[in-house]
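Readers should treat all values here as calculations from the given coordinates under stated rules, not as data from a laboratory. Because the structure is a prediction, the values reported are computed rather than measured. Please note: Cβ atoms are built from the backbone with ideal geometry, for glycine as well, and neighbour counts cover all protein chains shown.
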Amino acid sequence: MKKLITFSLLTLVLGTSAMPTTSPAASESSPTVLITGANRGLGLEFARQYEEAGWQVIGTARKPDAATDLKNLGVTVMQLDVTDGDSVAQLAKDLDGRPIDMLINNAGILPSQNTLTETEVDTVAWILDVNTLGPLRVTQALLPNLGAGDRKTIINITSGLGSIAQNQSGRFYGYRESKAALNMFSRTLAAELGGDGFIVVAMDPGWVQTDMGGPNATLTPEQSISGIRSVIDSLTVEDTGTYRRYNGATVPW
Ligand SMILES: NC(=O)c1ccc[n+]([C@@H]2O[C@H](COP(=O)([O-])OP(=O)(O)OC[C@H]3O[C@@H](n4cnc5c(N)ncnc54)[C@H](OP(=O)(O)O)[C@@H]3O)[C@@H](O)[C@H]2O)c1
């Protein structure tokens, strides 16, 4: 209790962007989830739903001061650019010693790249940096926190476009490679950490109405994230290293 009062006073003095705030619904015994890219789109919906479910939610944003919707949820907001090693190191430093039950590597980009001729190599490098190296950096930095958590769960938000088996239509250069490589990262991580009770899953959210998915997408963020949360609730260590869809279906690699 004393710790909570001290924490609340510090929050009042320093303000929300400088100091993590804890959802009123969550208690110190609630599980903790950290979501990257939580200021909009699927990340914001993850934060909203887990906060509503009583979890302690840490939502990261590149620009916390501008993350109004995320801050309005009353969750902890922390700065993170997944391409910036210093930003990742600072996050890990600020969270040193705090157990994290689940990491959702959600931040991602899809700059439009259609045919091979239209594809710019520098843009592909940028996509790989965010979508593939980002989750590697963040997972590596937060591994001690995850190891100290009860659930030891890592959800890498991939895409159906990362499936090599299902790639019939081509296009989306860079993005497809980045998610296929993220899938391989998930499998490799699952193999390495499986013996320690970790659950690592590559999760395809479906086609969702966000800035990335556009207005014609078939799912609302609420539908996609509700589905993913049900899948996550059902996961056991037997499921580590799987590639799943928001509705629980297994996606061929
Ligand atoms: N929407 C779909 O249909 C769909 C389908 C399959 C997979 N996905 C995947 O789902 C995830 C979320 O997508 P979304 O639809 O929610 O996309 P979105 O609406 O475009 O949001 C992307 C999020 O990623 C953040 N981000 C971008 N670059 C970052 C960086 N360098 N460091 C930290 N955060 C960064 C953005 O922050 P800023 O606001 O600062 O840019 C934003 O919060 C992505 O991994 C995406 O590939 C989406």
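How high is the relative contact order of the range 30-108, in percent, with contacts defined as C-alpha pairs under 8 Å that are six or more residues apart? Before the final figure, lay out the partial values.
Details: 143 pairs, mean separation 29.4, N = 79.
Reported as a whole number, the value is 37 percent.
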Can you give me the relative contact order of the range 32-245 as a percent, contacts being Cα pairs under 8 Å and 6 or more apart? 18
Could you tell me the center-to-center distance, by alpha carbons, between the range 171-198 and the range 117-137 in angstrom? 15
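State the antiparallel share, in %, of DSSP beta bridges confined to the chain, rounding to the nearest 5.
Numbers: 1 of 26 bridges.
That works out to approximately 5 percent antiparallel.
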So, with +1 on the Cβ of K and R and -1 on the Cβ of D and E, and no other charges, what is the size of the charge dipole of the range 32-245 about its Cα centre, to the nearest 20 debye? 240
Sorting check: for 66-72, 137-143, which peptide has the highest mean count of neighbouring beta carbons within 10 Å, and how do the rest follow? 137-143, 66-72
Restricting to Cα atoms and excluding each atom paired with itself, what does the Kirkwood estimate give for the range 32-245 in Å? 17.2
Kindly provide the pair-distance distribution of the range 74-198 built from C-alpha pairs, with 5 Å bins from 0 and whole-percent values in order of increasing distance. 2, 11, 19, 21, 18, 13, 9, 5, 2, 0
What ³J(HN,Hα) values, in whole Hz, does the Karplus curve 6.51 cos²θ - 1.76 cosθ + 1.60 give for the range 61-78 when θ = phi - 60°, with x put for Gly and Pro? 8, 5, 10, x, 4, 8, 8, 4, 4, 5, 5, 5, 6, x, 8, 6, 10, 10
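Most exposed first by the Cβ proxy, i.e. fewest other Cβ within 10 Å, how do LYS93, LYS152 rank? List each step's numbers first, then the result.
Details: LYS93 9, LYS152 21.
By the 10 Å Cβ count, ascending: LYS93, LYS152.
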Which residue, GLU118, GLU222, GLU177, has the most motion in a Gaussian network model of the chain that connects Cα atoms within less than 10 Å? GLU118
The long-range amide H neighbours of THR76, using H built 1.01 Å from N in the peptide plane and a cut-off of under 5 Å, are THR21, SER23, VAL57, GLY59
Candidates LEU34, LEU42, LEU133, ranked by Gaussian network fluctuation over the chain, Cα under 10 Å, top entry: LEU133
